[in-house]
Amino acid sequence: MDPVHTERTVIDSGHVDAISPRIADGTFQSLLLDDRDALAPVWRTPESVILHLTGAGALHLGDDTPGFEFLGAPGRTVYCIPQTQDPAVIWTGWSTQAFTPGNVTGDLALTLDAVDGPGDVVLWEWSPFGEPEMLLDSRSGLPATYPVPSNTHQHANWAFTEPGVYRLTFAWSANLNGTGHVSDSSVYTFAVGNVDTSTITLPGAQPSPSPSSSPSPSPSSSPSPSSPSPSPSPSPSPSLSPSPSASTSPSASPSPSADTHASPSASASPTSGAGTISPQPFLPASSPPTGTTAPVSTAAQEPTTGRLASTGFPLTPVLFTAGLLLAAGAALLTVRHRARHTN
């Protein structure tokens, strides 16, 4: 036996046998058969479903809608579900295919017990001559009953005379062979027109708590003095990972023995760190893009003592040679000075 689902569901298009009785958990129940997917139909409790007839079902009564005068005066707008499927709107009907003449005596009875909403509800079929044949009409008084044979799948025209939220109470009753008279009723919620279905409370559901009249304190927008945001320190070469953000991690700053493989923290994904993206350091054209790691030069990590920084030439021999040249020049000047005085 297929399970009966109770999770909140909004249906605004497709085929639904909205009012369908069956035996579930050993009892006669009025349920909703959601068969928008004909290969995987789902039974639902009517109290968990919102049937949304959107603004696409609006019918403006006038000279171009002959035959609909019974729904209202010209100039009015009603909302209709047609008897034949219109892909733009929900297509609701009913089914008694869970029962056969072998287990039911006579017809089943479908009764519209109550309508709670801003307008009236009318269900009808068209006669071969194009005249409306009423099945259920809340304008004529309730309850209203319509007989339905067993093993029947049926659709009709629906009309809601005003937009808004309706609660329709439908009941099924039958005489089951071996059991006797059984009946069950359910409340169906219809949202008609451009209604925000998220604001609708389903029958039996707890209403959402209303917001408090006094606003809750919100976090201060100024930074806390006890935890200042770290500021990036200047570096002679571009960092291998994004500059520090509001949250720091050991991998956020380069270490002397940096691994040449990029770590997860080197990615500049918007979801990294604390959810904010810090400005990236300027990278020369030859530098790798942010988020990738360039090989670290071994020579750049060695001390430069005793070498010329620009060429890497050894400094000690240069200084020694310069000293010898200065000493030789000084000696030559002394000899020439003495020779001049001697003459």
**Fill in**
One finds, for Glu125 and His5 with R0 = 35 angstrom and r their Cβ-Cβ distance, a FRET efficiency to the nearest 0.05 of 0.70
**Complete:** At R0 = 22 Å the Cβ-Cβ FRET efficiency linking Glu133 and Asn175, nearest 0.05, sits at 0.25
**Item:** region 1-147: C-alpha pair distances exceeding 22 Å, %
**Value:** 48 percent
**Request:** Identify the chymotrypsin sites (Phe, Trp or Tyr not before Pro) of region 87-190 meeting these criteria: DSSP loop state and at most 10 other C-beta atoms within 10 Å of the C-beta.
**Result:** Phe129
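Read the figures in this text as sums done on the coordinates, not as results from a lab. Just so it is clear, the model here is predicted, and its values are computed rather than measured. Cβ atoms come from the backbone with ideal geometry, glycine included; neighbour counts cover every protein chain shown.
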